[in-house]
Amino acid sequence: MKGEGKSVSVANVAIALAEMAGTRLCLIDTDFRAPRMRELFGLPEGPGLSELLLEEAQLSQVVCETKVRNLFVIRAGREPRNPSELLGSGRIKDLMAVLKTDYTHILCDTPPINPYTDAAVLGAQLDGVILVVRMGRTPREQVVEGLERDASRDARRDREEEVFAQLGEERDRQPQRAIGQQQLAALDAHGLGH
């Protein structure tokens, strides 16, 4: 969902995973419309995923080392004419196969699942999908719509019930606070905040 803190959340998860022993992580910014990883990790401008998938750049030109040990980022690159089509191409599957030989974890930051189809198209090619929602702000209907857009619909009802159960439990346990504060603090601790 837009404005839910998905980019900061995935950056924070990437940092946490990269700090684990034996981990080598690649974080891919697939949000061509509003990329955030370059900014969050203080990376220089340059070619990214779109140029790689369009065969205008090599993998070695788009993988960027970050200040976090064992954490590498592939910038989004320029916005292509049809992001969903590019993310649904066979080239993304080929890229994932290559990356799996070099990295223990691959995370993707996607555009919001509502209103774009990019995340659902890409999600069908990944091992898993995490839907980031903001407790107390995201309408239930948007969460249901997002889950329905997920290409792996077989477990949709079970996941929907699990998501709402967890949101209810979390709301009961935690005081309300703005999403992203902890994630931004973690980025700042690594010298990566804006």
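One table, with the values for the structure above:
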read-out: Scan of the range 1-37 for residues that are buried (at least 17 other Cβ atoms within 10 Å of the Cβ), within 18 Å of residue 116 (Cα to Cα) and of a type in the set (Gly, Ala, Ser), ordered by number; value: 5, 7
read-out: Residue in the range 26-41 that is of a type in the set (Gly, Ala, Ser) and within 25 Å of residue 137 (Cα to Cα) present; value: yes
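Each value in this text was obtained by applying a stated rule to the coordinates, not by laboratory testing. Since this is a predicted model, take the numbers as computed values, not measurements. Neighbour counts are summed over all protein chains in view; Cβ atoms, including those assigned to glycine, are modelled from backbone coordinates with ideal geometry.
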